Amino acid sequence: MQSEISTREVLAQGLRQLKLDLPATTQDQMLAYVDLLAKWNRTYNLTAVRDPVQMVIRHLLDSLTVLPYIKGSRFIDVGTGAGLPGIPLALVLTDAEWVLLDSNGKKTRFVVQAVAESGLDNVVVANTRAEDYHPADLFDVVITRAFAALDVIVRDVAHLCRPGGRILAMKGKLSSQEAKCMAGIPAVTTIHSLEVPGLQEERHLVEIFI
């Protein structure tokens with residue numbers, strides 16, 4: 001019970017810091033997702049984060065920091081892993097279409113279960129490699145989180161963006177190597193600093209205009 005109370009308090013406090021007023025039902029869905037992730041994680045090792053409170057900070061709140069940059073109606077989360085940032089974002093942006101893609105079958109099986117238990121009818125899960133995925137309808141935004149180096153991201157996912165679409169690459173501390181990658185990308189690139197409530201670590205969002 002103490003863990004449930006603390007995760008709820010940490011989420012509520014983090015949402016206040018992010019100036020997000022989410023319905024209680026949405027917060028319940030997010031906490032249920034964390035509970036399910038913690039349960040599956042004991043067997044399937046889906047994330048290195050073990051503590052549910054840290055999952056709220058490092059997974060839920062971290063994912064929600066990019067909301068101001070999500071514009072459009074059709075999005076894909078490439079390399080979604082355990083459903084991040086896709087599931088938290090889809091729980092907020094319920095009118096948008098989402099595809100959560102990962103090549104790891106163990107992880108997509110969890111994501112399918114999490115989507116079903118969350119009641120998300122705006123999400124499709126795809127178990128394939130990004131470069132092999134060629135949907136009939138392209139995306140306004142392709143988002144990735146700790147997926148690959150920036151030049152690899154552009155190489156593998158640019159074909160998923162509609163004309164005028166954007167790639168959003170969630171990163172931690174940007175290394176000098178990443179800076180070199182950005183210099184070689186033939187596209188307009190903007191870097192945004194992100195502040196994750198409760199996390200004293202650098203976070204950045206690299207916005208690439210296709």
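The values are calculated or read from the model by the stated rules, or taken from the named source; none is laboratory data. The model shown is predicted, which means the values in this text are computed figures rather than measured ones. Note that each Cβ is placed from the backbone with ideal geometry, even for glycine, and that neighbours are counted across all protein chains shown.
Quick one: which residue in GLU4, GLU9 is assigned to a helix (DSSP H, G or I) and modelled with pLDDT under 95?
On inspection, the qualifying residue turns out to be GLU4.
Inspect all residues belonging to the range 139-162 and state whether any of them is touching a strand residue (DSSP E or B) at 6+ places or on another chain (Cβ under 8 Å), within 30 Å of ASP28 (Cβ to Cβ) and of a type in the set (S, T, N, Q).
Checked the range 139-162: at least one residue is touching a strand residue (DSSP E or B) at 6+ places or on another chain (Cβ under 8 Å), within 30 Å of ASP28 (Cβ to Cβ) and of a type in the set (S, T, N, Q).
Within the range 66-98, restricting attention to residues that are in contact (Cβ under 8 Å) with a residue 40 or more places away in the chain, of a type outside the set (Phe, Trp, Tyr) and in a strand (DSSP E or B), which residue is surrounded by the most Cβ atoms within 10 Å (Cβ to Cβ)?
In this case the residue turns out to be ASP77.
Any residue in the range 45-64 that is farther than 17 Å from GLU195 by Cα sitting within a Cβ distance under 8 Å of a residue that is β-branched (Val, Ile, Thr) and surrounded by 17 or more Cβ atoms within 10 Å (Cβ to Cβ)? List the pairs, counting only those 6 or more apart or interchain.
PRO52/THR7; PRO52/VAL34; VAL53/THR7; VAL53/VAL10
What tally of residues in the range 104-126 results from selecting those that are buried (at least 16 other Cβ atoms within 10 Å of the Cβ), outside any helix (DSSP H, G or I) and more than 14 Å from the chain's Cα centre (by Cα)?
Going through the range 104-126 one residue at a time, the tally reaches 2.
For LEU101, state whether it is assigned to a helix (DSSP H, G or I), among the aliphatic types (A, V, I, L, M) and buried (at least 19 other Cβ atoms within 10 Å of the Cβ).
Criteria not met by LEU101.
Those residues that are of a type in the set (Lys, Arg), farther than 18 Å from SER73 by Cα and touching a residue at least 24 places away in the same chain (Cβ under 8 Å), I need them from the range 156-184; list them, please. I'd like the intermediate steps shown before the answer.
Taking the range 156-184 and keeping what is of a type in the set (Lys, Arg), we get 162, 166, 171, 173, 180.
Still in the list and also farther than 18 Å from SER73 by Cα: 171, 173, 180.
The answer is LYS171, LYS173.
Of all residues in the range 39-58, which are farther than 16 Å from LYS106 by Cβ and out of contact with any Ser or Thr (no Cβ under 9 Å at 6 or more places or on another chain)?
Once the filter is applied, which keeps residues that are farther than 16 Å from LYS106 by Cβ and out of contact with any Ser or Thr (no Cβ under 9 Å at 6 or more places or on another chain), the range 39-58 yields VAL49, ARG50, GLN54, ILE57.
Considering VAL157, VAL141, VAL56, which residue is under 16 Å from the mean Cα position of the chain (by Cα), assigned to a helix (DSSP H, G or I), at pLDDT 95 or above and within 22 Å of THR190 (Cβ to Cβ)?
Exactly one residue qualifies, and that residue is VAL157.
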